[in-house]
Amino acid sequence: MKVEIWSDIVCPWCYIGKRRFEEALSRFEHAADVEVVWRSFELDPTAPARREGSHVHHLARKYGMSVDQAQAASDNLTRTAEKEDLFMDFSRTQGGNTFDGHRLIHLAAQHGRQDEMKEALMRAYFSEGRAIGETATLVDVAAELGFDPDEVREVLAGDTYADEVRAEERDGQRLGITGVPFFVVDRAYGVSGAQNPDVLLEVLETAWAAAHPLTMVGITAAEGTDADVVCEGDACVI
């Protein structure tokens, strides 16, 4: 089974959704047979490497709300994240362009460590207040995971994986994805938003059952044989 998750590094609901999906996957009987692939999505492709001003003021401008309303919304998100054992400090976050971050996630995928990089970048942004759109930050985050800093600098200095990021974004558009997180299971089932683990688990189980239908074998009772050796409820054929 393949689960593709479109998300952005600076999306709080994506971080929360990641934890909820991990909870669902831990309860899924066939988790070992699930391939999880993170797909690129930019909430603001026009963002500079580092956005000036506080998160709360940016939120207020973007959604046309007061600063107090924006602060209340941020506080609510912080409390929701805490329930998932996540620490989000919006007073320290430094917003910025995430295109290079998505390219870095592609680099990590080549080393079989995509999920680790995704987690590290989200933690760096939400919990550690690091400027996630700046090359120096990305190099440091990757180096902390054991990646070669020179390799990372070389990738980010050019356009390596740029086509792959854009292709994933176009693919998401073709699927009708306009908001994240968005979970796609076997290109047959879609779930929008950071749904609770029970919902995500149900989708996994539904997709698995559809991909592995039960095939009946043997002779049926209708064929006039002794195949009706079965009990149903309190009625048994003697």
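The values are calculated or read from the model by the stated rules, or taken from the named source; none is laboratory data. In this text the structure is predicted, and so the values were computed from the model without any measurement. Don't worry about glycine lacking a Cβ; one is built from the backbone with ideal geometry, like all the others, and counts go over all protein chains shown.
Here are some residues: Gly129, Gly133. Which one is assigned to a loop (DSSP other than H, G, I, E, B) and in contact with a Gly (Cβ under 6 Å, 6 or more places away or on another chain)?
Gly133
Per the listing Glu52, Glu4, Glu23, Glu35, the residue uniquely free of Cβ contacts under 8 Å to residues at least 40 places away in the same chain and farther than 21 Å from Tyr125 by Cα is Glu35.
Looking at region 1-16, is at least one residue surrounded by fewer than 16 Cβ atoms within 10 Å (Cβ to Cβ), at pLDDT 95 or above and assigned to a helix (DSSP H, G or I)?
No, region 1-16 has no match at all.
Tally time: how many residues in region 30-54 are surrounded by fewer than 18 Cβ atoms within 10 Å (Cβ to Cβ) and touching a Phe, Trp or Tyr at 6+ places or on another chain (Cβ under 8 Å)? Adding up the residues that qualify gives 3.
Could you tell me whether region 121-143 includes any residue that is surrounded by fewer than 18 Cβ atoms within 10 Å (Cβ to Cβ) and within 21 Å of Glu35 (Cβ to Cβ)? Checking region 121-143: not a single residue is surrounded by fewer than 18 Cβ atoms within 10 Å (Cβ to Cβ) and within 21 Å of Glu35 (Cβ to Cβ). Regarding Ala60, is this residue surrounded by 16 or more Cβ atoms within 10 Å (Cβ to Cβ) and either over 16 Å from Asn196 (Cα atoms) or under 12 Å from the mean Cα position of the chain (by Cα) (or both)? Yes: the conditions hold for Ala60.
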